[in-house]
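Asks: Can you read through this structure? Questions will come right after.
The values are calculated or read from the model by the stated rules, or taken from the named source; none is laboratory data. Here the structure is a predicted model, which means the values were calculated and not measured. Cβ atoms come from the backbone with ideal geometry, glycine included; neighbour counts cover every protein chain shown. These accessible areas exclude ligands, DNA and RNA; they are computed on the full protein's heavy atoms, side chains included. Shrake-Rupley method; radii C 1.70, N 1.55, O 1.52, S 1.80 Å.
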Amino acid sequence: MNVKKLAELSILTGIALIIFVVELQIPNPFPIPGIKLGLANIITVYALYHYRAKEVMTMVFIRIFLASVLGGNMMAFIYSFFGSVFCLTGMLLLKRFIDEKHLWIASVFGAVLHNMGQITAAIFIMGTGVIVYLPFLLVSGCIAGAFTGWIAQIAVHRIKGNDAKQK
Amino acid sequence: MKNKVLIGICIAIFLIGVIGSALVLFAPHGTKVNIVQDGAVLYTFDLSVTEDQTLEIEYNGRTNIVQIENGKIRVVEADCPDKTCIRMGWLETGSLPIVCLPNHLSIEFADEREDLDAVIK
Ligand SMILES: [Zn+2]
């Protein structure tokens, strides 16, 4: 991994963390654990289409670790970890079928898989009773995933525009 | 073509979610509740006959204070970082449990099937 790439990945991780902290300050109207916009997903979806699988995975795992420390909720790490493993595995496979112009579709699958990973972790820790949350998470995952994917698409478009101007 | 199939799957997931949520929200529930920690039932109450009280439930030095009042149950205080359990309010919606993920606690309606089993036996 060269220095330029390392710097880019570090900046992306930093941006994702800032987005995470900002999102923590937004009051969540839905008192259901696991329901959130997951704005940091914008960075993951973007990175997925611009960096290697290994690089994206390293970035995401460093981010969720630091996010759990910053949020003062280490339990959250286990849920984020399961969620991220599901989400990254799914999106890396789907990347072959989905081109960059349809990022939002990849993002919807990513978000839904993230929620499924979280529920899996919750079933192990809390017992099977929590499975009733799954349908709510499917709905919120679809909406949040489409939203963050759409923003990532706009970002990709703008970045490409800037690159073209510079050249 | 491929995209259409994938979008179709997204829509299907969304609809399954909506239907599932409606089923959970409108599911009938009884008056028996279980307080569960780490998947094991700590207490069972029949709220229709339980006197008003508060319980302190500990997990690794952190506590949740659970209140039972007028046949309803909720978490009033918690040491958890997210406080979602408090914000969930009274346990009354469909079959939706109150959970505190950081403290491994959930308060859920006891499965109606158990009652049915008891009747059959
Ligand atoms: Zn809590």
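Asks: Which residues, taken from segment A:37-86, are free of Cβ contacts under 8 Å to residues at least 12 places away in the same chain and on the phi > 0 side of the Ramachandran plot?
Replies: Within segment A:37-86, just A:GLY72 meets the criteria.
Asks: Mind listing whichever residues of segment B:70-109 are within 14 Å of the ligand (Cβ to nearest atom), open to solvent by 40 Å² or more (accessible area, probe 1.4 Å), without any contact (Cβ under 8 Å) to a residue 24 or more places away in the chain and not aliphatic (A, V, I, L, M)?
Replies: The answer is B:GLU77, B:PRO81, B:ASP82, B:LYS83, B:ARG87.
Per-residue answers, yes or no, for (1) modelled with pLDDT of 90 or more; (2) under 24 Å from B:ASN3 (Cβ atoms):
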site: A:ASP99; (1), (2): no, yes
site: A:LEU103; (1), (2): yes, yes
site: A:GLY110; (1), (2): yes, yes
site: A:HIS114; (1), (2): yes, yes
site: A:GLN118; (1), (2): yes, no
site: A:MET126; (1), (2): no, no
site: A:GLY129; (1), (2): no, no
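Asks: Output the helices (runs of 4 or more DSSP H) that fall wholly within segment A:36-147 and possess 3 or more residues being open to solvent by 30 Å² or more (accessible area, probe 1.4 Å) and closer than 26 Å to B:PHE26 by Cβ, or say none.
Replies: Where helices (runs of 4 or more DSSP H) fall fully within segment A:36-147 and carry at least 3 residues being open to solvent by 30 Å² or more (accessible area, probe 1.4 Å) and closer than 26 Å to B:PHE26 by Cβ, they are A:103-126.
Asks: I'd like to verify a number: residues in segment B:102-121 that are facing chain A (nearest Cβ under 7 Å) and modelled with pLDDT under 90, how many?
Replies: Residues that pass the stated criteria total 1.
Asks: Something else now. If you check B:TYR43, B:TYR59, which single one turns out to be within 15 Å of the ligand (Cβ to nearest atom) and among the aromatic types (Phe, Trp, Tyr)?
Replies: Criteria check complete, one pass: B:TYR59.
Asks: Another question, if that's okay. Could you please let me know if B:THR54 is outside any loop (DSSP other than H, G, I, E, B), in contact (Cβ under 8 Å) with a residue 60 or more places away in the chain and open to solvent by 70 Å² or more (accessible area, probe 1.4 Å)?
Replies: no
Asks: Could you check, for segment B:24-46, whether at least one of its residues is more than 8 Å from chain A (Cβ to nearest Cβ), assigned to a helix (DSSP H, G or I) and modelled with pLDDT under 95?
Replies: yes
Asks: With the structure loaded, tell me whether B:ALA12 is open to solvent by less than 60 Å² (accessible area, probe 1.4 Å), within 12 Å of another protein chain (Cβ to nearest Cβ) and part of a loop (DSSP other than H, G, I, E, B) or whether it fails that test. Before you say what the answer is, go through the steps one by one.
Replies: On the way: open to solvent by less than 60 Å² (accessible area, probe 1.4 Å): yes; within 12 Å of another protein chain (Cβ to nearest Cβ): yes; part of a loop (DSSP other than H, G, I, E, B): no.
So B:ALA12 does not fit the description; no.
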